[in-house]
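The values are calculated or read from the model by the stated rules, or taken from the named source; none is laboratory data. None of the values given here were measured: they were computed from a predicted structure. Counting neighbours? That spans all protein chains shown, and the Cβs are built from the backbone with ideal geometry, glycine included.
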Amino acid sequence: MTKQQLTSLAAFGSFALLGGAYIFQAIGYPPCQMCFWQRWPHMAAIGIGILAFFIPARVWQWLGALAAAITSGIGIFHSGVERAYWSGPTSCTGGGLEASSGADLLSMTGDKLIMCDQVSWEFLSLSMASWNAVFSFGLMLIWLAAARKK
């Protein structure tokens, strides 16, 4: 594959993963705070792919690889929080409930707190965060292959 084809494939991969996240959200799986964190690097990778199409420079592929590595790393961290390997942010884990009053927890109005340490969907024993980590790592490898092309 050419450098441009690899770049397009990697950027489209982020587009597909991001689209999948929004589809899951639309069918009733609201994202937690850490899920949103994983979306930002995918948005950046899509933008980087578009820029690389119009402004040829090797730096774009390296930046795309960095974006994919960041979202993969966040996915690994999020998976560890879900499996209770380590603590996550108190704003969206069980520890964050201590700051909430009983009225806050029972309220039917306002935003619903989506817990980062609870798995809402899984396939083959991997959560959405885990799948993001796996696929994003693959995208990072594609970006790196593109960066190495002349």
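Of all residues in the stretch 117-135, those satisfying the criterion of being buried (at least 19 other Cβ atoms within 10 Å of the Cβ) and in contact (Cβ under 8 Å) with a residue 40 or more places away in the chain are Ser127, Met128, Ala129, Ser130, Asn132, Ala133, Phe135. Residues in the stretch 10-31 that are among the hydrophobic types (A, V, I, L, M, F, W, C) and out of contact with any Gly (no Cβ under 9 Å at 6 or more places or on another chain): Ala16, Leu17, Leu18, Ala21, Ile23, Phe24, Ala26, Ile27. Taking the conditions exactly as written (of a type in the set (A, V, I, L, M), under 21 Å from Leu124 (Cβ atoms) and within 14 Å of the chain's Cα centre (by Cα)), does Ala21 satisfy them or not? It is true that Ala21 is of a type in the set (A, V, I, L, M), under 21 Å from Leu124 (Cβ atoms) and within 14 Å of the chain's Cα centre (by Cα). Under 17 Å from Ser14 (Cα atoms) and at pLDDT 80 or above: does that describe Ala68? For Ala68, the condition - under 17 Å from Ser14 (Cα atoms) and at pLDDT 80 or above - is met. Restricting Trp60, Trp37 to those that are of a type outside the set (Ser, Thr, Tyr), in contact with a Leu (Cβ under 7 Å, 6 or more places away or on another chain) and surrounded by 18 or more Cβ atoms within 10 Å (Cβ to Cβ) reduces the list to Trp60. Scanning the stretch 114-139 for residues that are part of a helix (DSSP H, G or I) and more than 11 Å from Gly73 (Cα to Cα) turns up Met128, Trp131, Phe135, Gly138, Leu139. Scanning the stretch 24-51 for residues that are of a type in the set (A, V, I, L, M) and modelled with pLDDT under 95 yields Ala26, Ile27, Met34.
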